[in-house]
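Here is the structure we will look at.
The values are calculated or read from the model by the stated rules, or taken from the named source; none is laboratory data. Quick caveat, the model's predicted, so the values are computed rather than measured. Please note: Cβ atoms are built from the backbone with ideal geometry, for glycine as well, and neighbour counts cover all protein chains shown.
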Amino acid sequence: MSNALGAFHPQVVHFAIALVFAGVAFRLLSLARLAFAGPAATTLILLGTLASWAAAYTGTAAHGPVERIPGVRAQVIEHEKWGQRTRNLFAVISLIELAALVTARRQSPRAHALSVIAAVAGLAGLAAMYETAQHGGALVYSYAGGVGIRTGAVDDVNRLFVAGAYQQALQDRQAGRSDQAMQLVELAAARFPSNLELQLVAAEWTTDVKRDPASALQRLEALQIPSADTRSRVRAGLARAGALVAQGNRDGAKAVVQTLLAEFPNNRQLERRLAELAAPQP
């Protein structure tokens, strides 16, 4: 049950953030003696506080799989600490808001002072909420704590693997580690043979990185591309042309591009490639 509730953490968090920010904004407006702003501020902050408790609860439910990722535990703990601080702070702010609302209805002379205190406390709460969100964002986007594993679905984890392997391969390639880059792409392509885009990447890199155009052509021959998938067909054709050029067969490459261009006459990518192939060689 806890893991299932953890999957709702991102949705709940966004409700909490939106509600408390709106609530504090209305509390600041109330300082200008706008009658409607005070009750609106209290209502929104109370709802935001409830949402922040739900966010903390679902976050605790979600932390298990994330915390077990090597090197992520410290970031998870820091995010949880700030989440709990923010939750507790808004619980106190809610009490101040209720007091401000009651004194305003009784037309007490302390009403304005309590509104000011509520506004200042609300701003402090927003600062804590921002810090919590910053740690959460770093956890998700810098540590992949949640990307691909939030639901635990097999397809999500598979996509995470492909994305991680591809991004690391790009870094390896840019750093001149061509062998390691190619190994990662081939590993991912072998693991997910039905991923057409991944197979096309592997074919392109076999020519460009591995310098093995013959194997690239074999990879391309083995692909089954739906006739309606124009983008993949054009990409495969261009990859085939690139492999042929690498073999020294420019005429064959031009023939491939011309055939595709006859089928897709308005494709600018094909037009540019044909122009490059037709240009005189230095």
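What residue, of 170, 198, is under 20 Å from the mean Cα position of the chain (by Cα), in contact (Cβ under 8 Å) with a residue 24 or more places away in the chain and farther than 30 Å from residue 35 by Cα? So that I can check it myself, show each step before the final result.
Working: 170 fails: in contact (Cβ under 8 Å) with a residue 24 or more places away in the chain.
Result: 198 is the single residue among 170, 198 that is under 20 Å from the mean Cα position of the chain (by Cα), in contact (Cβ under 8 Å) with a residue 24 or more places away in the chain and farther than 30 Å from residue 35 by Cα.
Filter segment 118-173 down to residues that are among the acidic types (Asp, Glu) and at pLDDT below 95 and give me whichever is surrounded by the most Cβ atoms within 10 Å (Cβ to Cβ).
My answer is 156.
Any residue at all in segment 63-85 that is crowded, with 20+ Cβ neighbours inside 10 Å, over 25 Å from residue 148 (Cα atoms) and in contact (Cβ under 8 Å) with a residue 60 or more places away in the chain?
So far as segment 63-85 goes, no, none of its residues is crowded, with 20+ Cβ neighbours inside 10 Å, over 25 Å from residue 148 (Cα atoms) and in contact (Cβ under 8 Å) with a residue 60 or more places away in the chain.
Of the numbered conditions (1) modelled with pLDDT under 95; (2) farther than 20 Å from residue 270 by Cα, residue 227 fails exactly one; give the number of that condition.
(2)
Could you tell me which numbered condition residue 36 fails, if it satisfies all but one of (1) touching a residue at least 12 places away in the same chain (Cβ under 8 Å); (2) of a type in the set (Phe, Trp, Tyr); (3) over 30 Å from residue 152 (Cα atoms)?
(1)
Hey, among the residues in segment 92-106 that are of a type outside the set (S, T, N, Q) and surrounded by 15 or more Cβ atoms within 10 Å (Cβ to Cβ), which one's nearest to residue 17 (Cα to Cα)?
Among them, the one singled out is 93.
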